[in-house]
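**Q** This structure is in structure tokens; I'll ask about it shortly.
The values are calculated or read from the model by the stated rules, or taken from the named source; none is laboratory data. Computed from a predicted structure; not experimentally measured.
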Amino acid sequence: MFGDGKLCACKPISEADLASFIADCVLNKDRINQILPIGEPGAALTPQEQVLDFLVKIIPSLEDAAEFGKIGRYYAAESMLVRDQDTGEYDAERTPSYGKDTLEELFNTVLKEGMDGQELGEQSIFLIYR
């Protein structure tokens, strides 16, 4: 983990909500050629609060894979929240939310139903789901 694990917050968004957001952007002329911040409707999460630490507590043998995943995330050094240009601070409240799915709901679904439909094929880093 980098720093204290609280700097690099993000608002993860589900595949379905992101697809819907992108489709809405295609249909809205004001959103063409824009960099648009977006996140789930839930609270912002720091690396410290995210799933990898949770999984390691349940399955200690995943510790190395979890650490690799943390390092591999491109937002490991940069917050995914809107940055206030005047103060330089990242602001979860100003980061737009979209959709209805939350990361917590996804994790609950995975625990109950598994990960069918989430296979990454050749894009998978770990051999678990190849």
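**Q** Can you confirm whether segment 108-128 contains a residue that is part of a loop (DSSP other than H, G, I, E, B), among the β-branched types (Val, Ile, Thr) and at pLDDT below 90?
**A** Just the residues of segment 108-128 that are part of a loop (DSSP other than H, G, I, E, B), to begin with: 114-120, 124-126.
In the following step, the residues that additionally are among the β-branched types (Val, Ile, Thr) were identified as 125.
Filter again for at pLDDT below 90, leaving 125.
There is at least one residue in segment 108-128 that is part of a loop (DSSP other than H, G, I, E, B), among the β-branched types (Val, Ile, Thr) and at pLDDT below 90.
**Q** Here's another thing I want to ask about it. When you scan segment 88-107, how many residues do you find that are of a type in the set (Phe, Trp, Tyr) and assigned to a loop (DSSP other than H, G, I, E, B)? If you could, list the steps in order and put the result at the bottom.
**A** First, pick out the residues of segment 88-107 that are of a type in the set (Phe, Trp, Tyr): 90, 98, 107.
From what is left, the residues that are assigned to a loop (DSSP other than H, G, I, E, B) are 98.
Here the count works out to 1.
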